[in-house]
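Remarks on the structure that follows.
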Amino acid sequence: MAMLKVTDLKVSYGVIQAIKGISFEVNKGEIVALIGANGAGKTTTLHTVTGLLSAQSGKIEYEGHDITRMPGHKIVALGMAHVPEGRRVFAELTVLENLKMGAYTRKDKTEIEDTLSKVYKRFPRLEERKNQLAGTLSGGEQQMLAMGRALMSKPELILMDEPSMGLSPIYVNEIFDIIQEINHSGTTVLLVEQNAKKALAIADRAYVLETGNIALEGKAEELLANDSVKKAYLGE
Amino acid sequence: MKNVIEQLINGLSTGSIYALIALGYTMVYGIARMINFAHGDIIMVGAYALYVGVSLMNLPIAAAILLSIIVCAVLGITVEKVAYKPLRKAPPLAVLITAIGVSFLLQNLALLIFKATPIPFQSVIQVPSVSIGGITISGVTIVTLVMTLISMVILTLFINQTRAGSAMRAVSEDKGAAELMGINVNRTISQTFAIGSVLAAIAGILYICQYQSLRPTLGALPGIKAFVAAVLGGIGNVPGAMLGGIVLGLIESIAKAYISTELSDAIVFGVLVVVLLVRPSGLLGKLKNEKV
Ligand SMILES: Nc1ncnc2c1ncn2[C@@H]1O[C@H](COP(=O)(O)OP(=O)(O)OP(=O)(O)O)[C@@H](O)[C@H]1O
Ligand SMILES: [Mg+2]
């Protein structure tokens, strides 16, 4: 059974239909990439899955629960975390306060401390800057904070929206390495990326979104070899 | 000299009340991005609730104070739920007009129930005045200063040190991201209205103990002054509201004593204009530096 199963999802902003009936699934342990051009509807899809937007129709199931109409703040507790587009760290809160916000739904203090030390181990920079306001971090550091914050909820599934956006090439490589590490340590990943080449390189499967519809889907290596994907998304 | 110090203490005391009210404006603005123009009338409701408790129900003072605080908290939450929440995505002007409507509604309900004739009210604060070096400070003033200080310390600790306080700060920065953390945004907004209203109730109680007379419009003037204080300090900024209130009270008191009673309000607004010309986001407000 799929961990996340989206069926015939439609989402609209007023009269503009951004998602026109898409179906996809993510299985436990996978990295699934969702790629597509600007405005294809990738962010809209993720926001609908985590309850920031409501679906017009269709169904979203997570670990057997129907979460289509569930308010966003209840979804985290089911084990799904979302690293939003543009990072959206709390600029006026310290790095540590941001991380603690990530663990907001968790109660056990010692377990939270344990996760915190794991996050610090993965992102040593965050520990060095734990008392600094998040707004003063560099873009790459903010991305790490956004990821660390999501990991603080100890998610089974993590959704990431363009984690490499606006980062220098060194950071981009680091971020993709970290995504793989997160996946190897047992967290399933749904990855939205503009950087299709890198995303397909680490993904197991992928979906190509074109103006609200899924145009293509398949194994990541097959899509990497696909001529139309090469032309449209890989710049070859 | 003695006179100056007395005026400063008076100013500090009036300013404390403005500050307590200004906190409600600023916290609500911070979290809901709206000016709750009905906030001043919460003070009025708090004052009448105290009167009902003390004079009509003959409750012990502490119980009457608690009643006033609870009534205001419930009212604040209810107003948000009924009037503002449905407008969360509406244009700011619609929200503003609704808030003004709520203000009129509360004033007119008070008018209907308690009539327009001012009701005299004996201060419930039975603290003797204190004389230091020939300067006399009234009991009401002492209690006002102490209560304000305690409220501010508790509020600051709550906002900065507790989980709910961090959640409040997170929601005021980014509701969507806060929701993704598992924070119930609606509940956090409710809590903020409740806290603002509790502070307004405390302000109302202190205010009515100074002025000793109840009218349905009694909240309007301190309400508008506190709003000015919140803007002066930097709307949305909690220490700014505290500072703005105190500064406003001091200016007003000095202006009344040494310039002109009639002109004191004009001077207060004049200071606001000058401050906003120099620092458009208020004394402690941050200039928005939009990051890409
Ligand atoms: N708040 C909104 N109101 C109206 N239309 C919107 C809104 N947000 C997005 N859209 C529209 O929905 C469509 C999908 O947008 P979305 O942000 O999901 O795209 P995306 O694939 O994430 O793009 P990008 O790669 O640029 O982030 C676009 O046509 C966009 O203009
Ligand atoms: Mg997007």
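Starting from the 7 Å offset along Cα-to-Cβ, what nm value, one decimal, do you get for the label separation of B:ASN58 and A:LYS118?
Reported label-point gap for B:ASN58 and A:LYS118 is 6.5 nm.
In terms of the ratio Rg/(2.2 N^0.38 Å) built on C-alpha atoms, what value belongs to the stretch A:1-136?
1.20
Taking a threshold of 23 Å on the Cα-Cα distance, which of the pairs A:LYS198/A:LYS231; A:LYS10/A:LYS197; A:LYS100/A:LYS198 fall above it?
Distance filter (> 23 Å) returns A:LYS10/A:LYS197; A:LYS100/A:LYS198.
For the stretch B:20-232, which semi-axes, largest first and in whole Å, follow from the square roots of 5 times the eigenvalues of its Cα gyration tensor?
Over the Cα atoms of the stretch B:20-232, the ellipsoid semi-axes are 30, 21, 15 Å.
Can you give the three extents of the C-alpha atoms in the protein assembly as shown along their principal axes, from longest to shortest, in whole Å?
Answer, in whole Å and largest first: 89, 47, 45 Å.
How big is the antiparallel share of DSSP beta bridges in chain A, given as a percent to the nearest 5?
Here the antiparallel bridges make up roughly 55 percent for chain A.
Quick one, can you get me the convex hull of the C-alpha atoms of the stretch A:88-214 expressed as volume per residue in Å³?
Dividing the Cα hull volume of the stretch A:88-214 by its residue count gives 121 Å³.
Between A:SER138 and B:THR78, what FRET efficiency follows from the Cβ-Cβ distance if R0 is 51 Å, with the result rounded to 0.05?
0.70
Return, for the Cα atoms of the stretch B:32-116, the radius of gyration and Dmax in Å, separated by a comma.
Answer for the stretch B:32-116, Rg first and Dmax second: 14.4, 46 Å.
Taking 35 Å as R0, compute the FRET efficiency from the Cβ-Cβ separation of B:ILE119 and B:ILE267 and round it to 0.05.
The pair B:ILE119/B:ILE267 has a calculated efficiency of 0.65.
Relative contact order, percent, of chain B when contacts are C-alpha pairs under 8 Å separated by at least 6 residues?
36
Once amide H atoms are placed 1.01 Å from N in the peptide plane, what residues at a sequence separation of 5 or more from A:ALA33, or on another chain, have their amide H within under 5 Å of its amide H?
Those lying under 5 Å, H to H, from A:ALA33 are A:LEU191, A:ASP204, A:ARG205, A:ALA206, A:TYR207.
Taking θ = phi - 60°, what integer Hz values does the Karplus form 6.51 cos²θ - 1.76 cosθ + 1.60 yield along the stretch A:146-151, in sequence order, with x for Gly and Pro?
3J(HN,Hα) across the stretch A:146-151, in whole Hz: 4, 5, x, 4, 5, 5.
Per q in 0.09, 0.13 Å⁻¹, report the Debye log10 I(q)/I(0) for chain A, using one uniform scatterer on each alpha carbon and no solvent.
-0.36, -0.76
For A:HIS65 and B:TYR211, what is the calculated FRET efficiency with R₀ set at 56 Å and r taken between the beta-carbons, to the nearest 0.05?
Given R0 = 56 Å and the Cβ-Cβ separation, E is 0.45.
Using just the helices of chain A, give the 222 nm mean residue ellipticity in deg cm²/dmol: DSSP H runs with n ≥ 4 each add -39,500 (n - 2.57), and the total is spread over all residues, rounded to 500.
Calculated mean residue ellipticity at 222 nm is -10500 deg cm²/dmol.
Can you list the aspartates and glutamates whose alpha carbon is less than 19 Å from that of A:LYS230, not counting same-chain residues fewer than 8 positions off?
The reachable aspartates and glutamates, counting only those whose Cα sits under 19 Å from A:LYS230, are A:GLU193, A:ASP204, A:GLU210, A:GLU217, A:GLU221, A:GLU222.
Ignoring the sites themselves, what is the longest stretch of chain B with no trypsin sites (Lys or Arg not before Pro) in a DSSP loop and at most 16 other beta-carbon atoms within 10 Å?
Answer from the scan: B:116-285.
Using helices alone, what [θ] at 222 nm do you get for chain B, with -39,500 (n - 2.57) per DSSP H run of 4 or more residues, divided over all residues and rounded to the nearest 500?
Theoretical 222 nm ellipticity from helices: -23500 deg cm²/dmol.
The numbers here are math on the coordinates, done by the rules we state, and not lab data. All figures in this text were calculated on a predicted structure; none of them were measured in a lab. For neighbour counting, all protein chains shown are included, and Cβ atoms are generated from backbone atoms with ideal geometry for every residue, glycine included.
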